[in-house]
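Reading through the C-alpha cells given below for one structure.
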Amino acid sequence: MSFSSSSALVAALSGARWIVGGDSGDLGWRFVDWVYSLSLPREPGELEPAPEQALRQLRKGGFDVPSFPVVVNTSDGDDAIATEFLAPLKPGPIVAIHPGAGKARNVWPAENFARVISAMEAQGKKVWIVEGPADGPVVERVFELLGSERPRLANVDLCVVGAALRASDLVLVNDTSVMHLAGAVGARGVAMFGTTPSEIWAPRTERFVAIQSKTGQMDGISPEEVLDSLATFG
C-alpha cells in the first residue's frame, strides 16, 4: 500500500472516527502516527492491484473486508451537462483523450498524442480533450502540433468529466487520476504506463487495455502500439 501525504492530510481533515492508511515507511514522516488510527505497512515488491494490497493489509489487521470494484456514479445533472458538451461531436465514434498528468514522468509526448489524434480522425472518429488544472501547456502543445484546437472539457466538476468519459466510445489516458475516474465510471479504452507498473495501478476492469512501456519511460510507447490497442475495441 503506497503513502500519500496529501491523502493523509485530507483524511485528517475529514473528521472520520477511524482513518486507515499506508505507512510512510522510509520517508521519515511520522505525522501518520497521529493522523491514522491504523498504519498499514508498505510492500513495494507486491505486483497486485493497489486496492487488493490495501484490502490484504486490512485483513491482516483483523478487518473482514471483501474485494469489490471501485465505482463512481454520476447524477442526472452531470449526465445532462456531458450530453450537451458531446452533442456537436455526434454522430461519433467519439474518443476522449487526456494528454496531461499531475506527474511529468507520466505524460506521453505531445507529438505522439497529435499523431494518434490525426490517425483517428482520418478514420472518422471525433476527438475531445480532458484538460485538468495542470494540463494547459500540454494541451496547447498538442493543439499547436495539430494546427487547430479540439473541443475540450475544463473547469467542471469531476463527475461531469466522468459522465462524458462514460458517454464516449473510447478513452485514451496517461497513468493519472482521470484514468482511475474513467475506469470507475465504466468507460472503455487504453491506459499508458511508463515508470509505474500497470499490474498495480491499471483500472480493474476488462473494459481497459493497459500498455506498459518496455523502456520504463512514457516515450517508449509508440503511436502505432496505441492505435493497435485502440483498434481492439472496434
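The values are calculated or read from the model by the stated rules, or taken from the named source; none is laboratory data. Computed from a predicted structure; not experimentally measured. Cβ sites come from the backbone with ideal geometry, for glycine too, and all protein chains shown count toward neighbours. In case anyone asks, the SASA skips ligands and DNA or RNA and just uses the protein heavy atoms, side chains included. Shrake-Rupley method; radii C 1.70, N 1.55, O 1.52, S 1.80 Å.
Net charge dipole, the stretch 155-234: roughly 240 debye, given to the nearest 20, about the Cα centre with Cβ charges of +1 for Lys and Arg and -1 for Asp and Glu.
What's the extension gain from residue 207 to residue 134 if we count 0.36 nm per residue and subtract their Cα-Cα distance? Could you put the intermediate results ahead of the total?
On the way: separation 73, 0.36 × 73 = 26.28 nm, distance 2.69 nm.
Going from the current span to full extension adds 23.6 nm.
Using a/c under 1.5 as the rounded threshold, could you call the stretch 138-197 rounded, prolate or oblate? The axes a ≥ b ≥ c are square roots of the C-alpha gyration tensor eigenvalues, and prolate needs a/b larger than b/c, oblate otherwise. In terms of gyration-tensor shape, oblate. In this structure residue 232 has an accessible area near 100 Å², from a 1.4 Å probe over the protein heavy atoms.
Let me make sure I get this right: for the stretch 103-169, a, b and c are the square roots of the gyration tensor eigenvalues over alpha carbons, sorted descending. Under 1.5 in a/c it's rounded, otherwise prolate if a/b > b/c, else oblate. Which is it? The partial results should precede the final answer.
Details: a/c = 1.79, a/b = 1.14, b/c = 1.57.
Oblate shape, in that a/c is at least 1.5 and b/c is the bigger or equal ratio.
Only Lys, Arg, Asp and Glu carry charge here, each on its Cβ (+1 for the first two, -1 for the last two); on that basis the stretch 48-122 has a dipole of about 440 debye about its Cα centre. Taking the charge dipole of the stretch 82-191 about its Cα centre, with +1 at Lys and Arg Cβ atoms and -1 at Asp and Glu Cβ atoms, the residue from 114, 151, 189 reaching farthest to the positive side is 189. Listed peptides 205-211, 158-164, 221-227 appear in the order 158-164, 221-227, 205-211 once ranked by packing, highest mean of other Cβ atoms within 10 Å at the front.
What FRET efficiency comes out for residue 14 versus residue 111 if R0 is 45 angstrom and r is the Cβ-Cβ distance? Round to the nearest 0.05. Before the final figure, lay out each step's value.
Values: r = 41 Å, r/R0 = 0.92.
In this case the efficiency is close to 0.60.
Between residue 155 and residue 63, what is the FRET efficiency for a Förster distance of 35 Å, r being their Cβ-Cβ separation, to the nearest 0.05?
Values: r = 39 Å, r/R0 = 1.11.
Computed FRET efficiency for residue 155 and residue 63 comes out at 0.35.
Computed over protein heavy atoms with a 1.4 angstrom probe, the accessible surface ordering of 177, 198, 118, largest first, is 177, 118, 198. Compared with the direct C-alpha span, the chain from residue 76 to residue 217 gains 46.8 nm at full extension, assuming 0.36 nm per residue.
Quick check on the stretch 62-203: of the DSSP beta bridges with both residues there, what percent are antiparallel, nearest 5%?
Numbers: 0 of 15 bridges.
Counting only bridges with both partners in the stretch 62-203, antiparallel ones make up about 0 percent.
Given charges of +1 on the Cβ of Lys and Arg and -1 on the Cβ of Asp and Glu, with all other atoms neutral, how large is the dipole of the stretch 78-205 about its Cα centre, in debye to the nearest 20? Display every interim value, and only then the final one.
Details: 12 positive and 14 negative charges, 61 e Å.
With only Lys, Arg, Asp and Glu charged at Cβ, the dipole is about 300 debye.
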